[in-house]
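Visitor: Quick one: the structure is below, questions incoming.
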Amino acid sequence: MIGEKMKNIQENLAVLEEDEMEIDLKEIFLFLRHSWKAIFMAILIGAVCFGGYYTFLVTPSYEAVAEIYITNTDSMITFSDLQLSAALTDDYAQIIKSRTVMKRVIEKLGLDLDYKELRKLVEVVNPDSTHVIQIKVICDDVALSRNIANALLNISIEQIYQVIGSSEPTIIDVAEADAVEDVSPSLLKYLIIGALLGAALVCVVVIVRMMMNTTIQTEEDINRYLGIPVLSAVPYYREKR
């Protein structure tokens, strides 16, 4: 009898190892709730770490915008002129970010940058269904972003006229100091990201530890994994001091 019981137990364990692990969502939830202190501490630590990173390592970013309008400046504008202007917007954007224009801006402002580094600070945008080109400059200094945007505006207009040979684009807006926007990510965003990452990391560790734990802890585990009935149980008693 004992030999048959041991054989059944071994067969049950072998089947258990071969089968895929069954995930009980309720059991995972209870296990996570039991580990709420560790999760809460991870949220605080993650938020503090990301808050410190934001405070000491993240530099502010400021965006200056200058706009030009691309069309014929003659008093009479035909439909073909408008179609041509729409077709040239991509060409104008390429000229604005050309190496020649970037180098002229660097020389004019005396920047300690090469044209590749300056190009990374510049974004040329053409809003849908418009003949407007926006020159956006993002850097860590308000005055510098404004100066670069305006220098790009003036130099690119000259370069566009030299290359294309049509009438010069019309200036809509120059970059001004009071119009420069702070586009730095907010501290709250960093705190939320840090808290979520900390909580997620601890939850993953807790779930992995739970799934890797193959010890039998309850009467139900004996029935489920060994397939034998429980005859009796001795309750755990912790003596009070």
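Visitor: Among (1) modelled with pLDDT under 85; (2) loosely packed, with under 11 Cβ neighbours inside 10 Å; (3) out of contact with any helix residue (DSSP H, G or I) (no Cβ under 7 Å at 6 or more places or on another chain), there is one condition Thr73 misses while meeting the rest; what is its number?
Guide: Of everything listed in (1) modelled with pLDDT under 85; (2) loosely packed, with under 11 Cβ neighbours inside 10 Å; (3) out of contact with any helix residue (DSSP H, G or I) (no Cβ under 7 Å at 6 or more places or on another chain), Thr73 misses just condition (2).
Visitor: Among the numbered criteria (1) farther than 17 Å from Ile68 by Cα; (2) surrounded by 14 or more Cβ atoms within 10 Å (Cβ to Cβ); (3) in contact with a Phe, Trp or Tyr (Cβ under 8 Å, 6 or more places away or on another chain), which single criterion is violated by Ile216?
Guide: (2)
Visitor: List the number of the failed condition for Arg104; all other conditions in (1) at pLDDT below 90; (2) crowded, with 18+ Cβ neighbours inside 10 Å; (3) not β-branched (Val, Ile, Thr) hold.
Guide: (1)
Visitor: Under the condition of being aliphatic (A, V, I, L, M) and in contact (Cβ under 8 Å) with a residue 24 or more places away in the chain, which residue from region 107-124 is surrounded by the most Cβ atoms within 10 Å (Cβ to Cβ)?
Guide: Leu118
Visitor: Determine which member of the set Asn154, Asn147 is at pLDDT 90 or above, among the polar types (S, T, N, Q) and within 29 Å of Leu57 (Cβ to Cβ).
Guide: Just one listed residue meets the conditions, Asn147.
Visitor: Only one residue in Asp90, Asp24, Asp19 is under 15 Å from Pro169 (Cβ atoms) and either under 33 Å from the mean Cα position of the chain (by Cα) or modelled with pLDDT under 75 (or both), so which one is that?
Guide: Checking each option against the conditions leaves just Asp90.
Visitor: For Ile135, only one of the following conditions fails: (1) under 14 Å from Val174 (Cα atoms); (2) in contact with a Leu (Cβ under 9 Å, 6 or more places away or on another chain); (3) open to solvent by 30 Å² or more (accessible area, probe 1.4 Å). What is its number?
Guide: Looking at each condition in turn, Ile135 falls short on (3).
Visitor: Any residue at all in region 36-49 that's open to solvent by 40 Å² or more (accessible area, probe 1.4 Å), within 27 Å of Asn150 (Cα to Cα) and either assigned to a helix (DSSP H, G or I) or at pLDDT below 90 (or both)?
Guide: no
Visitor: Another one. Return the only residue of Asp141, Asp128, Asp173, Asp182 being loosely packed, with under 13 Cβ neighbours inside 10 Å and either hydroxyl-bearing (Ser, Thr, Tyr) or over 30 Å from Leu44 (Cβ atoms) (or both).
Guide: Criteria check complete, one pass: Asp128.
The values are calculated or read from the model by the stated rules, or taken from the named source; none is laboratory data. The model shown is predicted, which means the values in this text are computed figures rather than measured ones. Cβ coordinates were reconstructed from backbone atoms using ideal geometry, including for glycine residues, and neighbour counts include every protein chain displayed. When the accessible area is computed, the model is the full protein with side chains, heavy atoms only, and any ligands, DNA or RNA have been set aside. Shrake-Rupley method; radii C 1.70, N 1.55, O 1.52, S 1.80 Å.
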